[in-house]
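*Asks:* To start, I am sharing the structure in question, which I have written as structure tokens.
Just so it is clear, none of the values below were taken in a lab; they were calculated from the coordinates. Just so it is clear, the structure is predicted and the values come from calculations on it, not from any experiment. Don't worry about glycine lacking a Cβ; one is built from the backbone with ideal geometry, like all the others, and counts go over all protein chains shown.
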Amino acid sequence: MPPAVPQSRDYSHAWRALRHPNFRLFFAGQSVSLIGTWMTRIATSWLVYRLTGSALLLGTISFAGQIPTFLLAPFAGVLVDRMNRHHVLIATQVAAMLQSFALAALTLTHRITIHEVLALSIVQGMVNAFDMPVRQSFMVQMVEDRADLQNAIAINSSMVNAARLIGPSIAGIVISLSSEGWCFLIDGVSYIAVIGSLLAMHVSAAKVKRAAASMAEQMREGWTYVSGFRPIRCILLLFAVVSLMGMPYMVLMPVFAAEVLHGGPHTLGFLMGAAGVGSLVSALSLVLRKSVRGLTGLLPAAAALFGAGLIGFGFSHHYWLSMALMVVTGFGMMQGLTASNTIIQTLVPEDKRGRVMSYYTMAFVGMAPFGSLLAGELAHRIGAAHTVMLTGSVCVLGGAWFWSQLKAIRKDMRPIYEQMGIVPPRVAPTPVQS
């Protein structure tokens, strides 16, 4: 009697990761929670701009909310490798929920000040320092079959960007009808969905390993691996540059909405929603891929496309053209982020996953606070439009540098891909007999 065909073959290859029960639960809970998260991001930036009218303070608040991630991520990565990732993720979601409720209470009672926004942004940054590496590392425990990991990451990116499309649009409407406080309240309530999904999971605690080495030794080991392995080092360097120079364009969106396009909160919501459309299309295109093979070549093209979109957006003073360029920008940004995450998760050994993903968090989120300050200061001196033109140009140059390293990167990656069966092993040439 032939062996039973695994259940995974009944799934369309585009959604094969959803055959895993824990990932299905995570997908359901996050789909709700992430809409609230994006509502809070938009509401916070509009609240700061309404209270201060300052592009510099927009950058300062963003810096305060992200600098804890840069400072704490290496420690968080070691702890993620030492602790039960499932329990840590539940704790971070509860903490984030309480932070949103605090913002809602202060805003709805008209007691919110810029100092309280600053303090609560720092709290959220501390939570994110642990949440992002543990979330990325936990993915491999939710998806038991490593062959489905790339698909799970792409589906997760699709989910994030579907929420990015919906959340800002809802936030713009809610703010225009009432106040930012209702966005914060909806976000707090939405965390109940993801906390419930995490509590419903059945995750084996046997995967947790107790480390014999000290925290300092483990941090040093993680850094040695990341800095010494060319593919991961180059990917992290590229996205540190993109995060430093490119990502802070979002901090300046209220300025573009109000001063360049002469709109209000609904304009801000639609601009961010347009970037979400591009990101969602990008993520869905990656969902359709059957293998991680070939993703490396997407990274320099994605960085260049992202930068080109920002340059064009800086030139535009027309609403619909700006919307179209936001679609291009979102597409390029998500191609790079999802592809880089997938490649790193595929290459990294399990015992170093938390530490490596903490450095990914530093490159993706940790550099952004410095970029936010830089963007705020540049916008204050040369204007928001010239700022995104300049930063977009640096992203294009970053993509060109990575392209120059591509041959050596692929050479270093190939033995791992051969071992995993992703690419066929090279056959040594047969010697010619005389």
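*Asks:* With the chain treated as a Gaussian network of Cα nodes joined by springs under 10 Å, which of PHE229, PHE27, PHE75 yields the largest mean-square fluctuation?
*Replies:* Maximum fluctuation in the GNM of the chain, among the listed residues, is at PHE229.
*Asks:* Please return the longest stretch of the chain lacking exposed loop sites, where trypsin sites (Lys or Arg not before Pro) count only if DSSP places them in a loop and at most 15 other Cβ atoms lie within 10 Å.
*Replies:* 294-425
*Asks:* Further question on the same structure: Can you give the extra length, in nm with one decimal, that the chain gains between LEU71 and ALA147 once fully stretched, where that is 0.36 nm per residue apart less the Cα-Cα distance?
*Replies:* Net length gain for the segment: 24.0 nm.
*Asks:* Below 8 Å, C-alpha to C-alpha, sequence gap of six or more: please give me the relative contact order for the chain in percent.
*Replies:* Taking the mean separation of contacting Cα pairs over the length of the chain, I get 27 percent.
*Asks:* Round to the nearest 0.05 the FRET efficiency obtained for GLU217 and VAL94 when R0 = 25 Å and r is the Cβ-Cβ distance.
*Replies:* 0.20
*Asks:* Cα axis of helix 21-52 to longest principal axis of the chain: angle in degrees, 0 to 90, nearest 10?
*Replies:* Tilt of helix 21-52: around 30 degrees.
*Asks:* Report the residue, chosen from PRO265, PRO349, PRO300, that carries the largest GNM mean-square fluctuation when the chain is represented by alpha-carbon nodes joined by springs under 10 Å.
*Replies:* Of the options given, PRO349 has the highest mean-square fluctuation.
*Asks:* Could you give the nm distance between label points at THR113 and THR52, where each point is 7 Å from its Cα heading toward the beta carbon?
*Replies:* 1.4 nm
*Asks:* Now a separate question. Once you order the gyration tensor axes a ≥ b ≥ c over the Cα atoms, which shape class does region 77-131 get: rounded for a/c under 1.5, otherwise prolate or oblate by comparing a/b with b/c?
*Replies:* Oblate shape, in that a/c is at least 1.5 and b/c is the bigger or equal ratio.
*Asks:* When the helices in the chain are scored as -39500 (n - 2.57) per DSSP H run of 4 or longer and the sum is shared across all residues, what 222 nm value do you end up with, to the nearest 500 deg cm²/dmol?
*Replies:* -26000 deg cm²/dmol
*Asks:* Neighbour counts of other C-beta atoms within 10 Å: give me ASP412, ASP131 arranged from fewest to most.
*Replies:* Fewest to most other Cβ atoms nearby, the residues stand as ASP412, ASP131.
*Asks:* So how tilted is helix 265-287 from the main axis of the chain? Cα-based, degrees 0 to 90, rounded to 10.
*Replies:* Orientation of helix 265-287: about 10 degrees from the principal axis.
*Asks:* Taking 0.36 nm per residue of separation and subtracting the Cα-Cα distance, what length does fully extending PHE315 through GLN419 add?
*Replies:* Fully extending the segment from PHE315 to GLN419 adds 32.6 nm.
*Asks:* Mind checking the full-extension length gain between LEU397 and ARG82? Use 0.36 nm per residue of separation minus the Cα-Cα distance, one decimal, nm.
*Replies:* Gain on extension, LEU397 to ARG82, equals 109.6 nm.
*Asks:* Same structure, new question: Among SER393, SER100, SER176, whose mean-square fluctuation peaks in a Gaussian network model of the chain (Cα, cutoff 10 Å)?
*Replies:* SER176
*Asks:* Against the longest alpha carbon principal axis of the chain, how many degrees, from 0 to 90 and to the nearest 10, is the axis of helix 180-199 turned?
*Replies:* 20 degrees
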